[in-house]
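The values are calculated or read from the model by the stated rules, or taken from the named source; none is laboratory data. A quick note: this is a predicted structure, and the numbers were derived from the prediction, not measured. Surface accessibility is based on the protein's heavy atoms, side chains included, excluding ligands, DNA and RNA. Shrake-Rupley method; radii C 1.70, N 1.55, O 1.52, S 1.80 Å.
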Amino acid sequence: MSNVEASFDEYKANLAHMLYDKVDADLAMKIMYLERKLPDAEPKAELDIKVRSDAVAQNLKDWFGDKLGYQVSCHKNHITATGRISIERLAKFASNSDIEWISGSATPASY
């Protein structure tokens, strides 16, 4: 493995740690890339969120939908939420003790 690859792996591990070890580092990097490349609109993300229990999932489903305006579906202890996101908002989600893991995809938002 080259020094560049080792440095990249270290960066990804540090990034994941900064996000409470609950966020896929590739998702976080994609969001940050889109924020910088297209600064006029937050990226659109489809998040797959694993939570502690089914009851918590129902509560968070309502919070994501009603408070944040995300399109949300829920199945057992998994939530799928689609909406605009920033890296700061992603970090806030990860800081929630009920959330165990966040992965997903991000794309440029429609103007």
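Take every Cα-Cα distance within the range 38-85, group them into 10 Å bins from 0 onward, and report for each bin the whole-number percent of pairs it holds.
30, 49, 16, 4
Report, to two decimal places, the Cα Rg of the range 71-111 normalised by 2.2 N^0.38 Å (N = number of residues).
1.25
In straight Cα distance, which lysines are under 21 Å from LYS92, not counting same-chain residues fewer than 8 positions off?
LYS12, LYS22, LYS30, LYS44, LYS50, LYS61, LYS67
Considering only ASP98, ASP62, ASP40, give the residue with the highest GNM mean-square fluctuation for the chain, with springs between Cα atoms whenever their separation is below 10 Å.
The residue with the greatest mean-square fluctuation here is ASP40.
Considering only protein heavy atoms, what is the solvent-accessible area of TYR70 at a probe of 1.4 Å, reported in Å² to the nearest 10?
20
So what is the accessible area of the chain per residue, in Å², with the probe set to 1.4 Å?
With all protein chains present, the chain gives 61 Å² per residue.
Quick one: give the max-minus-min coordinate of the C-alpha atoms of the chain along each principal axis, largest first, in Å.
46, 34, 18
With Rg and the Kirkwood Rh both taken from Cα atoms, where does Rg over Rh land for the range 1-57?
Computed over Cα atoms, the ratio is 1.08.
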